[in-house]
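Remarks on the structure that follows.
Please treat every number below as a calculation from the coordinates, not as lab data. Small disclaimer: the values here were computed from a predicted structure and weren't measured. Every residue, glycine among them, receives a Cβ derived from its backbone with ideal geometry; neighbour counts consider all protein chains shown.
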Amino acid sequence: MSRRLRLTRPSGKPERLAAAFLLGLALFLPPLLNVASRDALVGGIPVLVLWLFGGWLALIVVLALVVEGKPDDDGRPR
Amino acid sequence: MISGPVVVAISIAYLLMLFAIAWIGDRRAAQGRSLIDNPTTYVLSMAVFCTSWTFYGSVGRAAQGGLAFLPIYLGPTLVVALSSVIIGKMVHIGRTHRITSIADFISARYGKSPVLGGIVTIIAVAGIMPYISLQLKAVSTTLTAVLDWPNVSSPITTIPVLGDTVLLVALFLAAFAILFGTRHIDASEHHQGMVLAIAFESVIKLVAFLAVGAFVTYHLHDGFADIFLKAADNPDLRRLFTLQGSAYGDWVALVVLSMLAFTCLPRQFQVTVVENTNRHHVDRMVWLFPLYLLAINIFVLPVALAGRMAFGDSVSPDLYVLALPLSQGAEALTLLVFLGGLSAAASMVIVETIALSTMVCNDLVMPLLLRLRWLGLSSRADLSGLLLGIRRVTMAVVILLGYAYVRLIGDSYALATIGLTSFAAAAQFAPALIGGILWKGATEKGALAGLLAGFAIWLYTLLLPNFARSGWLPVEFAEQGLAGIEFLKPYALFGLSGLEPVTHSLVWSMLANIGAYVLVSLLTGHTALERIQASLFVDALRPTGPAHGRSRFWRGTASVAELRALCVRFVGLDGADRAFAQWAGQRGIDLNNLSEADPDLVDMAETLLAGAIGTASARVMVASVSKGEVVGLDEVMEILDEASQVIAYSQRLEAATAELKDANKRLQELDHMKDDFISTVTHELRTPLTSIRSFSEILFDNPEMNPDQRQEFLSIVIKESERLTRLINQVLDMAKLESGRMTWTIRPASPRALVEDSIAATHALFEDKGVTLETDLADLPEMDTDADKFMQVVLNLLSNAVKFVEPGSGRVSLGLAADGDGLRLRVADNGTGLPSDSLEKVFDRFLQVGDTMTNKPKGTGLGLAISKTIVEHLGGRIWAENGPQGGAVFTVTLPRQPPS
C-alpha cells in the first residue's frame, strides 16, 4: 500500500503567531494608522474606530485560528 | 436617590460573596476537583489587568483624547501573540523552578542573586503600591458620587475615618488577601480560591460595563451610528474621531509601554505565571484575552461621547460611567456599575497585595533576617509560622498604607497619574526579564545596572516631577529643571520636548535601562551559577535542553537529616515529609537507609525551599548545610554549552569513524592474508604431493630399478609425506587453538629438560643446513606447564630461525634464563632480520614475511601464530625484535604457573 508522503510545513505555531504579531503591528501603528485617522464617517462610524476595532477583531480571529487549529497542522512538536 | 445603607450593605454582601466563592474554590481544590484548572478561568483571572482605572478611567481618557485610551489594550493583544517566545516561556520556567514572584524570577535567572530580587522588590513597592491607593480612591469617589448625587465633588478627606466605608472595604480586602493568599507556606502553590474569586470579578466588571454601554448606546441613544452622528455635529467632539498630529509618538509609546507592563506588572506575573495550573492554558489566552479586552472597550468611546453631550464639564469624565445611569434614575443599573467598579478595584488590590507581600517577604525581609539574625533564626525549630506572619503583616500594611495615601494625598496630581506611572515603573523590569529568557550572555551586573539606571531615570523624569506638581517638592523643579538648569528639566530632559511626560520618561528610561543592561552584560562575565541559570532559562523550551530544566549541578553532599530539618523549619513538618516521601517513592529509595543526600535530593530540597522563601534565600540556606559547591565553570561550560556538546559529539563520532575505518582496513588485510594463505597452503600441499606422486610413478613404472636409487626415491617419498603430515597437523592445531578445543595438560616439568629435548629433535635440521647452534641454558626449578605445547613453541622458534639464516655460515643462539619466578627464552639468529613494520605482524596467522609472489615462502605462516597463541594461553608474552648486529631475536617469557 503506497502512502503519499507530505513534507510538514516548515513553520509551526510560534512562527504563525509571530506573523500575526507583525500583522498587528502594521494595523495598530503608524503609518497605516495615519491613513485610517481621517475625519470621515462610514455608516455613521468614524473611520479610525472602524479600522482599529475591525482590525482588532480580525487579528483575534487570526490568533484563534492559529492556536485552535488542528494539532497535526502544527509543523513541529511543541 | 439611593440610600447609603443600601449601597454599603450591597457592597459588603458582594465582598462576602467573594469570600464564599474563594472558600468554595479552595475547598474544591483540597478535594482534588479544581475549579480553576481550565483555560477560561485562567484567562478571566488575567483580566485583573483591567482595574478601576480601566472601568472608570478609560471613559475619562476617551472624553479628553478620543481613541488615545486604546493603546493600553492593543499592547497586550500584541504581546500575547508572542506568547510562545515570552509569556509561554515564562510560564514554563516559573512552573519548573517554583518561581514565586517576578522578583524571584529575575533573581533566579541571574544566578539566584539576592541583590537583584531586593532591587526589583523596591522598585515594585515604590512604583506600584500607590496604584493600590488609586483603586481605593476610585471606590471612595464612586461611592460618594452614588450617595451624594447630584453633588459629586465632596472630597474624601471630609468623611470621618470611622464612618468611612472605604476603610471597611480596605479591611475586607486585607482580610481576603490574608485568608486566601497565605493558605500555603509554599508561595509557588496556587491560590485557587483567590483565582476563582478574581475570575468571577472579571465576569462582573465585564457584564456591568457591557450593561451600562448597551444602556447608553441603545436606550439613551439609537445605536453606535446615532451617537457618532450626533457627536459629529460638535467640532469639539468630532476632534476625538481622529488622532491629532503629535499624538502618534505617544500612541506608539503607549502601545510599547502596555506591552511591557502587561508582561512585567507583579499582579499580571502572579496570575499568569505563579497561578498557572497548566501551561497549555496559555494557548487559549492568545485569543480569548484580547477578545475580553475588545469587549470591555467597545462601548468606551460611545459612553464618553454620550457623557460629554449630557454633562459637558459639569461632571468629571471619570464618573460618566456611573453618572449616566444615575442621571436617568436607573438605580439597579447604577448599583451594578458600582459593583463592577468595586470588583475591578478589589481584584487589583487583592492580587497586587499578594504579589507584593510575597516579594517583600521572600526577596526583602527574609534575606535580611537570615543575614542579620542568623543565629536567632537558626535556633527556631519552625520558621513557617514566621514566614506566614511576615506575609500577613505585609498584606495588612500594604492595604492600610494604600488607605492612608488616599486620606492624605487623595486628590493629588501624583495619585491621579499613578496608572501610567506604575506602568512605566513595571516596564523597567522588561529588559532584565525578557532579555534574561532570550539572551544567555546577559549578566547579573548588567541586569543590576539596567534596573538601577532605568529606575533612576523613571524617578527623575516621572515620579519626582509628579510630586512637585502635587506640591511636595518645589514646583520650580518640574518647570525649570534641577537647580534651574533647563537642560535637566524633568519633562524635557536634554532638550527632548514635545512629548507627553510618560512617553518622555519611557524613552529616556528605556534608553538608559537597555543601554546599561546590554553594555555591562557585554563587559562582564558569569559566575558558574549564573551560567547554569542562564542556560536553564534560555533553553527552557528546547526539547534537548538540560534534563527537566532544573539545575542538577550540586557537586556537594549534605546529610539527609540536616536537609530534612532545614526543610521542616521553613515548610513545616507535613510539607517536608510529603516532599521527601514523594521523592523517595519516585526513586524507590528507602530514606531511612540513606544518610548522605545525593545531588538530586539536595536539588529537590532547594526547589522546595525556593517555593517558600524564594530562590536566592533557598540557595543560601541549602549551602549552609551542604558541603561542596556547584561544579566549576569549566565543567559547566562542558555540560551546558551546546556548541561544546556538539563538538564533543562530533569528535566522538570522528573517533568512532576512524576506528571503523581501521577495523575495515584490518578486515581487508586479513581477508587478503587468508587468500594468500590458501594459495600458499595449496601450493605447499601440492609440492610434496607432486613429488610423492612422481617418485611413486617412477618406482611403479620401473620395477627393475637399481636398489640404491629405489632406496633414495623411497626416502624422498617418506620425507615428503612427513612434510605433508606436519603441514596438516599445524593447520589442525591452529584450528583447535582458535576454537578453544585444544586440550591442555599442565604438569610440573623442568624447562631446561624440555628445551634440551627440543634441541635434540631439531638436531638433524641444523646438521642438514650446516647451521651452528649455541646454547646457554640456566638450570631452572620445575614449573607448571604443558610440556608438549612448550616444546612446540621452542621447536617452532628453532626451525623458524634455521629457515632464515644462510646455510653453512648461519648461527643461532638459544638462551634460557630466570625471569622473576618464571623463565625467559631467547632465540637469536644472524639472518637478514625482519622489516621493522613486520615485527608485530609476524605473529599473525597466514603471514609470511617476504613477497610471496617472487620468493618462495619458507614456512606455512602458522608456526609463529601457533606459538603466540600457546604462550599467551600459558600467561606469557612473545615478541620479535632485530638484534644489534642484525638478525631477528624472538623472546618468550612465561610465568611460573599459567593463569587459572
> What is the protein assembly as shown by shape, rounded, prolate or oblate, if you read a ≥ b ≥ c off the alpha carbon gyration tensor as root eigenvalues and call it rounded for a/c under 1.5, prolate for a/b larger than b/c, and oblate otherwise?
Replying inline: prolate
> Which of rounded, prolate, oblate describes the range B:551-628, given a ≥ b ≥ c as roots of the alpha-carbon gyration tensor eigenvalues and a/c under 1.5 marking rounded, otherwise prolate only if a/b is larger than b/c?
Replying inline: oblate
>> Looking only at the range B:747-894, where both bridge partners belong to it, what percent of the DSSP beta bridges are antiparallel (to the nearest 5)?
In response: 80
> Relative contact order for chain B using alpha-carbon pairs under 8 Å, separation at least 6, rounded to a whole percent?
Replying inline: 14
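If I take R0 = 45 Å and measure r between the Cβ atoms of B:D708 and B:N729 in this structure, what FRET efficiency does the formula 1/(1 + (r/R0)^6) give, to the nearest 0.05?
With R0 = 45 Å, the Cβ-Cβ based efficiency is 0.90.
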> Counting DSSP beta bridges in the protein assembly as shown, what percent are antiparallel, to the nearest 5?
Replying inline: 85
>> Students often check this: by mean Cβ neighbours within 10 Å, which of B:727-736, A:59-68 ranks highest, and how do the rest follow?
In response: A:59-68, B:727-736
> Fewest to most neighbouring Cβ within 10 Å: what's the order for B:T121, B:T96?
Replying inline: B:T96, B:T121
> If each of B:R666 and B:R33 carries a label point 7 Å out from its Cα toward its Cβ, how far apart are those two points in nm?
Replying inline: 6.9
>> Testing the spin-label approximation: label points 7 Å from Cα along Cα→Cβ at B:A9 and B:A456. State their distance in nm.
In response: 5.9
> By count of other Cβ within 10 Å, fewest leading, how are B:D788, B:D26, B:D37, B:D701 ordered?
Replying inline: B:D701, B:D788, B:D37, B:D26
> What value, in deg cm²/dmol to 500, does the helix sum -39500 (n - 2.57) over DSSP H runs of n ≥ 4 give at 222 nm once divided by the residues of chain B?
Replying inline: -21000 deg cm²/dmol
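Work out, step by step, the length gained on full extension between B:I678 and B:A749: first 0.36 nm times the residue separation, then minus their alpha carbon distance; give nm to one decimal. Walk me through the numbers before you get to the answer.
On the way: separation 71, 0.36 × 71 = 25.56 nm, distance 3.71 nm.
Here the answer is 21.9 nm.
So for A:S37, B:S836, B:S45, B:S721, fewest C-beta neighbours within 10 Å to most, what's the order? Before the final figure, lay out each step's value.
Values: A:S37 23, B:S836 9, B:S45 26, B:S721 14.
Least to most surrounded, the residues fall as B:S836, B:S721, A:S37, B:S45.
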> Which shape class applies to the range A:13-70: rounded if a/c is under 1.5, otherwise prolate when a/b exceeds b/c and oblate if not, where a ≥ b ≥ c are the square roots of the Cα gyration tensor eigenvalues?
Replying inline: oblate
>> Below 8 Å, C-alpha to C-alpha, sequence gap of six or more: please give me the relative contact order for the range B:672-762 in percent.
In response: 27
> Which part of the range B:776-806 falls in the paramagnetic zone of B:K736, meaning amide N under 14 Å from the point 7 Å along Cα-to-beta-carbon?
Replying inline: B:786-793
>> Based on DSSP loop calls and a cut-off of at most 15 other Cβ atoms within 10 Å, the longest stretch of chain B free of exposed GluC sites (Glu not before Pro) is what?
In response: B:1-628
> Restricting the count to DSSP beta bridges whose residues both fall in chain B, what percent are antiparallel, rounded to a multiple of 5?
Replying inline: 80
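Filter the DSSP H helices in chain B by two things, a Kyte-Doolittle mean of at least 0.5 and an axial alpha-carbon span of 18 angstrom or more, and list the hits by number. Walk me through the intermediate numbers first.
Numbers: long enough: B:4-30 (39 Å, 1.47); B:114-148 (50 Å, 1.45); B:165-181 (23 Å, 2.73); B:192-214 (33 Å, 1.79); B:247-264 (25 Å, 1.61); B:281-297 (23 Å, 0.95); B:331-359 (42 Å, 1.64); B:384-409 (37 Å, 1.53); B:444-458 (21 Å, 1.09); B:501-523 (32 Å, 1.38); B:560-587 (24 Å, 0.19); B:599-613 (20 Å, 0.95); B:642-701 (86 Å, -0.43); B:707-739 (47 Å, -0.41); B:751-769 (27 Å, -0.13); B:787-803 (24 Å, 0.57).
Helix filter hits for chain B: B:4-30, B:114-148, B:165-181, B:192-214, B:247-264, B:281-297, B:331-359, B:384-409, B:444-458, B:501-523, B:599-613, B:787-803.
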